[in-house]
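In what follows, a single structure is set out as structure tokens and then discussed.
The values are calculated or read from the model by the stated rules, or taken from the named source; none is laboratory data. Here the structure is a predicted model, which means the values were calculated and not measured. We place every Cβ from the backbone using ideal geometry, glycine too, and count neighbours over all the protein chains shown. Note: accessible area is taken over every heavy atom of the protein model, side chains too, but ligands, DNA and RNA are not part of it. Shrake-Rupley method; radii C 1.70, N 1.55, O 1.52, S 1.80 Å.
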Amino acid sequence: MINKQLITRRFSRAVESYNREAVVQKQIAYRMSDMLNHYLPRPCGRILEIGSGTGFLTRRLMETLHPEKLVLNDICQEMSTCFTDLLGSGRAIFLAGDAESLPFPKGQDLIVSCSALQWFVSPELFFERCNTLLKQKGYFAFTTFGRDNLKEVASVTGSGLHYRSLEELEEALRIHYEIVKAHEERICLTFGTPLEVLYHLKHTGVAAVRQQAWTKRNLQDFCDKYARLFSDGRSVTLTYHPIYIIAKKRQ
């Protein structure tokens, strides 16, 4: 079961370290920005961004799509401090809260989300809801993560999020959308030790999936098993499995 309160606390604590540590999330946001710049028509006046985080995608959207009005959402109120310039100018508003239940304004040209939907209880219901928020010919674009995401950690701990496959996501979307572009990849990071992996996860908020506190014993067990399974003698690996989808509302 996804614990939204725990997710909020963990990401709130990671606000200061996120920009430094979230190298993969930044790379994903930039790739999604490039895809949107290629596939979306102009103008794109009204944009709703779900899970804005510290603004990796937000800043690129402002530079490339030049929205007249941008609605930013994140489950953490603290993230609003990353957008004081945009909020002060009146070009954007920030709505804090759980996007699965928070009311959003209708009439959007684009609803976009990067690295957030894997935390949703029901992405499928959210797909349906986004369809009602979009204008005719509006676009819904997002990145999430596939089944190989953080596979090393899941293998060692026996726990993790339930990730949907690209095919499952496409099937759920086709009820309301035409798929414009769908793509997936694997990004492999290396770290000197398993402890560095945990540090990385903690400082990007991704460790929110674990509810129990680490004890000295289970921390040592984790490091020993991780090194045994995923070390080449010099470093250990951590795999990210991003999925990118751009979809257009059916007429």
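Assorted remarks:
- Rounded to whole Hz, the Karplus (6.51, -1.76, 1.60) HN-Hα couplings of region 85-100, x for glycine and proline: 5, 5, 5, x, 7, x, 7, 9, 10, 10, 10, 8, x, 6, 5, 6
- Under the Karplus curve 6.51 cos²θ - 1.76 cosθ + 1.60, θ = phi - 60°, whole-Hz ³J(HN,Hα) for region 44-51, x wherever Gly or Pro sits: 10, x, 10, 10, 10, 10, 9, x
- Every Cα-Cα pair in the chain was counted, and those over 24 Å apart are 46% of them.
- With contacts taken as Cα pairs under 8 Å and at least 6 residues apart, region 4-83 reaches a relative contact order of 36 percent.
- Across every direction, the projection of the convex hull enclosing the Cα atoms of region 63-206 has a mean area of 10.4 nm².
- Amide H contacts under 5 Å for ILE243: THR144, PHE145, GLY146, restricted to partners 5 or more places along the chain or on a different chain, H placed in the peptide plane at 1.01 Å from N.
- Under 22 Å between alpha carbons - lysine pairs in region 142-251 that sit 8 or more apart or on different chains: 7
- Theoretical FRET efficiency, 1/(1+(r/R0)^6), r = Cβ-Cβ of GLN136 and SER159, R0 41 Å, to 0.05: 0.45
- Taking the chain and dividing mean pair separation by its residue count, relative contact order in percent (alpha carbons under 8 Å, at least six apart): 25 percent
- For region 116-212, the set of GluC sites (Glu not before Pro) satisfying both a DSSP loop assignment and a count of at most 15 other C-beta atoms within 10 Å is given as GLU185.
- Residue order for HIS200, HIS66, HIS183 - accessible surface, 1.4 angstrom probe, largest first: HIS66, HIS183, HIS200
- Whole-number accessible area per residue in Å² for the chain, which is evaluated in the context of all protein chains at 1.4 Å: 48 Å²
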